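The values are calculated or read from the model by the stated rules, or taken from the named source; none is laboratory data. Keep in mind the model is a prediction, meaning the values are calculated, not measured. Glycine gets a Cβ as well: all are built from the backbone with ideal geometry, and neighbour counts include every protein chain shown. Calculation scope for accessible area: heavy atoms of the full protein, side chains included, ligands and nucleic acids excluded. Shrake-Rupley method; radii C 1.70, N 1.55, O 1.52, S 1.80 Å.
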Protein chains: 2
Amino acid sequence: MAEPRIASIDGKLAEEFAVPSHVDEVKEKMSAFAAQHVATGRRVVLITSGGTKVPLESRTVRFLDNFSSGRRGASSAEYFIDSGYAVIFLHRHRSLYPYTRTFSTINMLDALQFRSGEEASGNTAEVVVNQQVLPNVSKVLKQYQEVKECRLLLPVEFNTLSEYLHLLKAAAQALSTIGSKAMFYLAAAVSDFYIPASEMPEHKIQSSNGPLQLSLNMVPKILSPLVKDWAPQAFVVSFKLETDATILLGKARRALDTYRHQVVVANVLDSRRGYVVVVTPETQAELILTEEDVKNDIEIEERIVSNLTSAHNKFISQQVG
Amino acid sequence: MAEPRIASIDGKLAEEFAVPSHVDEVKEKMSAFAAQHVATGRRVVLITSGGTKVPLESRTVRFLDNFSSGRRGASSAEYFIDSGYAVIFLHRHRSLYPYTRTFSTINMLDALQFRSGEEASGNTAEVVVNQQVLPNVSKVLKQYQEVKECRLLLPVEFNTLSEYLHLLKAAAQALSTIGSKAMFYLAAAVSDFYIPASEMPEHKIQSSNGPLQLSLNMVPKILSPLVKDWAPQAFVVSFKLETDATILLGKARRALDTYRHQVVVANVLDSRRGYVVVVTPETQAELILTEEDVKNDIEIEERIVSNLTSAHNKFISQQVG
């Protein structure tokens, strides 16, 4: 019964969404990354992060986008690494990046200064970080360098919805070889709508033609083949963001029923940094930051990751048993 | 004849585009900035830069956007400052920024290192810039610090189309006091379409309702009241970006006829970094980078700014004469 549907998603992907030229090369890299880390006893999480760009013209001037700074994905990556995971970070170009995110609100030139007495000596003067402007730089740099040295973070970029879909499929296939040791943490804000290549004008839409009528198709639900076909043994976490709290949990439960994956992290736009509900087929856990937590710079992602790594542990031991 | 149209643009602005709460405060700042610099003999250019965000929902998850990194605006700001101008930089939040733009493709943490021998000493170790990774940092930092000290750059941020429109109006009114000494360099990629607040759904559009039909209104042509009413003595430069080269110059000439401003800089998406046409009512000048220029890191914005500052000079002397 499900067969034709899955076939049609795969078919749609190939037909209506341009395949990025480097997809095979990236798949190879992800595969090697996963194998290497599992061999040394680590688990691997694929994090998707940031919004997707949906072009309205094939030579794109205008596009549809989803609100997402990539903060949740970037901070979660750090907590997964702290918990012993290796991370594939599939993120929107220029969205927030692990570790570097700490400085995202600062103009870097405001944080740099010439080493005292060296301003005058011209272009070879040493430039140092003013740690009054960036009090955490030393700690963050150390973490970043350790992660780099141990190759615990594999960054992969996407820009458009098409790139996202094809790269996620490649990732799922690459990680299928490590079975239940793979987690998918699908935090990206993916468009539900797109304009098929065949219906897209080539050139910039002319405003002199009057008001604009846009007709957008629905994006195929890629979670379905991911769970059933591409990585059937993996631990899969999807996210549900709504602005209307009253429909949120119903939608989360319906997603679990439909796609048969392990977890939905449900959150409301306005409160997403201090409150989420982790929903599984059997359970429902509220994670909340208190005022005290916020004062101590605790981030909700630390709680989410802690909850999920425990659940993933249990999941793995059940598969084995 | 033109009166009712202008009145209706002003009315539309107030009715259909939310007024940012800080608009008066920003206007005050721009006014003071302009007065102060004109008093010391400088001219002032207002640069708009980056794309505008057009929300599809009032609690925004989805939005329409325009392709623009802000590179042209950011680099032009530097060349205007080099040419003796003070710059108001009205730019999209997180678009490229003057001087800092040089490092935009680099993860800053890859360019930092602990001062030799200090890695071990923990959180107080000095962090320095690796000038092999950022060979220009010393030169750029020096320029940036000089500009900051002389207060030659006033940054103002926008995010949505509404913010852009209201802040540009405020800027035009603020700069009207310095007459022909003001230049407007309207390089931002502004949406031609929007959804009026009254027609916007409050909550996230549900994909379960099926394919999406969007109906977008045309954004009022703000160039019209800007030239006629708000800053009638200023030197105004607009930009025209097309993907189809065959319609470009016609559209540029039509814009000059319609709005009666001084210059249109016309460019085609694919060749915009190496080729533009500066169109005025009487003239048409092609600016082209040769391969040699590109090799020497010459940027087309240097040529554009040089062309425009000369034209602005002439314009001022004609007003006086």
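Rolling a 1.4 Å probe over the protein chains gives residue B:218 an accessible area of about 60 Å². Given +1 at the Cβ of Lys and Arg, -1 at the Cβ of Asp and Glu and no other charges, the dipole of the range A:4-79 around its Cα centre is 300 debye to the nearest 20. Dividing the mean sequence gap of close Cα pairs (under 8 Å, 6+ apart) by how many residues chain A holds gives a relative contact order of 20 percent. In nanometers and ordered shortest first, the copy-to-copy spacing of the residue A:116 label point, defined 7 Å from Cα toward Cβ, is 2.3.
Between the amide H of residue A:43 and those of A:86, distances stay under 5 Å, these residues lying 5 or more places away or on another chain, with hydrogens modeled in the peptide plane. Contact residues in the range B:61-107 (at least 50 Å² less accessible area with all protein chains than alone, 1.4 Å probe): B:61, B:62, B:63, B:64, B:65, B:67, B:94, B:107.
Using just the Cα positions, wrap chain A in a convex hull and report its mean projected area in square nanometres, one decimal place. Please list the in-between numbers first.
Working: hull surface 87.1 nm².
Mean shadow area of the hull around the Cα atoms is 21.8 nm².
The string of couplings for the range B:220-235 from the Karplus curve (6.51, -1.76, 1.60, θ = phi - 60°) is x, 7, 5, 4, 4, x, 4, 6, 7, 10, 7, 9, x, 9, 6, 9 Hz, one whole number per residue in order, with x for Gly and Pro.
Rolling a 1.4 Å probe over the protein heavy atoms leaves residue B:257 with an accessible area of roughly 100 Å². Mean per-residue shielding of peptide A:185-193 is 2, counting Cβ atoms of other chains within 10 Å of each Cβ.
About its Cα centre, the dipole of the range A:275-316 is roughly 260 debye, where the only charges are +1 on Lys and Arg Cβ and -1 on Asp and Glu Cβ.
Of all DSSP beta bridges in the protein assembly as shown, what percent run antiparallel (nearest 5)? Please report the intermediate quantities before stating the final value.
Values: 41 of 101 bridges.
Antiparallel: roughly 40 percent of the beta bridges in the protein assembly as shown.
For the range A:289-302, the Karplus equation 6.51 cos²θ - 1.76 cosθ + 1.60, evaluated at θ = phi - 60°, returns couplings of 8, 7, 4, 4, 4, 4, 4, 8, 6, 6, 10, 4, 5, 4 Hz by residue, with Gly and Pro reported as x.
Cross-link partners of residue B:251 among aspartates and glutamates, defined as those whose alpha carbon lies under 15 angstrom from its own and excluding same-chain residues fewer than eight positions apart: B:192, B:242.
Is the C-alpha gyration tensor of the range B:135-196 telling us rounded, prolate or oblate? Criteria: a/c under 1.5 is rounded; beyond that, a/b larger than b/c is prolate, otherwise oblate. Kindly include the intermediate steps, with their values, before the conclusion.
Details: a/c = 2.89, a/b = 1.56, b/c = 1.85.
Verdict is oblate for the range B:135-196.
Placing a label point 7 Å from the Cα of residue A:139 along the Cα-to-Cβ line, the residues of the range A:281-307 whose backbone N sits under 18 Å from it are A:292-303. Going toward the positive end of the dipole of chain B, with +1 on Lys and Arg Cβ and -1 on Asp and Glu Cβ, which of B:156, B:311, B:245 do you reach last? About the Cα centre, the residue reaching furthest to the positive side is B:311. When accessible surface is computed with a 1.4 Å probe, chains A and B are found to bury approximately 6400 Å² between them, both chains counted.
For the range A:112-211, GluC sites (Glu not before Pro) meeting the loop criterion (DSSP other than H, G, I, E, B) and having at most 12 other Cβ atoms within 10 Å: A:202. Shape index of the range B:243-321: Rg/Rh, with Rg the Cα radius of gyration and Rh the Kirkwood radius from the inverse mean 1/r over Cα pairs, equals 1.02.
Each copy carries residue A:83; placing its label point 7 Å along the C-beta direction from Cα gives inter-copy distances of 5.5 nm, listed from smallest up. For the range B:67-198, the spherically averaged projection of the C-alpha convex hull amounts to 11.8 nm².
What percent does the relative contact order of the range B:243-321 come to when contacts are Cα pairs within less than 8 Å and at least six residues apart?
On the way: 79 pairs, mean separation 15.2, N = 79.
The value is 19 percent.
Whenever you get a sec, compute what percent of the accessible area on the range A:243-321 sits on carbon and sulfur atoms (1.4 Å probe). Write down the numbers at each step before the final one.
Details: 2130 of 4420 Å².
With neighbouring chains kept in place, the figure for the range A:243-321 is 48 percent.
Across q = 0.06, 0.07, 0.10, 0.12 Å⁻¹, the protein assembly as shown modelled as identical point scatterers on its alpha-carbon atoms has Debye log10 I(q)/I(0) values of -0.37, -0.51, -1.03, -1.39, in the order of the q list. Using R0 = 25 Å, the C-beta based FRET efficiency linking residue A:245 and residue A:314 works out to 0.30.
In the assembly of identical copies, residue B:179 has its label point, taken 7 Å from Cα in the direction of the beta carbon, separated from the corresponding points by 8.4 nm (ascending, one decimal). Accessible area per residue was computed with a 1.4 Å probe on protein heavy atoms; residue B:200 scores about 40 Å². Scalar couplings 3J(HN,Hα) for the range A:305-316, obtained by applying the Karplus form with A = 6.51, B = -1.76, C = 1.60 to θ = phi - 60°, are 5, 4, 4, 6, 5, 4, 4, 5, 3, 4, 4, 5 Hz; x denotes Gly and Pro. Taking each of A:53/B:12; A:148/B:53; A:240/B:221; A:148/A:204; B:228/B:314 in turn, the alpha-carbon distance tops 32 angstrom for A:148/B:53; A:240/B:221; A:148/A:204.
Here the dipole of the range A:93-223 is about 480 debye; that uses its Cα centre as origin and unit charges on the Cβ of Lys and Arg (positive) and Asp and Glu (negative). Between B:277, B:61, B:147, the residue with the greatest mean-square fluctuation in the GNM of chain B (Cα pairs under 10 Å linked by springs) is B:61.
For the residues B:285, B:171, B:182, a GNM of chain B with alpha-carbon springs under 10 Å puts the largest fluctuation on B:285.
Against the empirical 2.2 N^0.38 Å (N residues), the range A:1-92 has a Cα radius of gyration ratio of 1.37.
When Cβ neighbours within 10 Å are restricted to other protein chains, what is their mean count per residue of peptide A:135-141?
On the way: counts 1, 1, 6, 11, 3, 3, 8.
Mean inter-chain Cβ contacts per residue within 10 Å come to 5.
Mean residue ellipticity at 222 nm, helices only, the protein assembly as shown: -11000 deg cm²/dmol; runs of at least 4 DSSP H residues each add -39,500 (n - 2.57), and the sum is divided by the number of residues.
Here the extension length gained between residue B:14 and residue B:146 equals 43.6 nm, from 0.36 nm per residue of separation less the Cα-Cα distance.
Across the range B:87-213, the relative contact order, built from alpha-carbon pairs under 8 Å that are at least six residues apart, equals 30 percent.
Sort B:203, A:312 from largest to smallest accessible area, using a 1.4 Å probe on the heavy atoms of the protein chains.
Details: B:203 55, A:312 0 Å².
The ranking, largest first, comes out as B:203, A:312.
Sorted largest first by accessible area at a 1.4 angstrom probe radius, with every protein chain in place, the residues A:75, A:176 fall in the order A:176, A:75.
Identify the residues of the range B:61-103 with backbone N under 20 Å of a label point that sits 7 angstrom from the Cα of residue B:205 along the Cα-to-Cβ direction, or state none. Of the residues in the range B:61-103, B:61-67 have backbone N under 20 Å from the label point off residue B:205. Amide H to amide H, with H built 1.01 Å from N, residue A:191 comes under 5 Å of A:52, counting only residues 5 or more places away or on other chains. Among A:37, B:93, the order of accessible area from largest down is B:93, A:37, computed with a 1.4 Å probe on protein heavy atoms.
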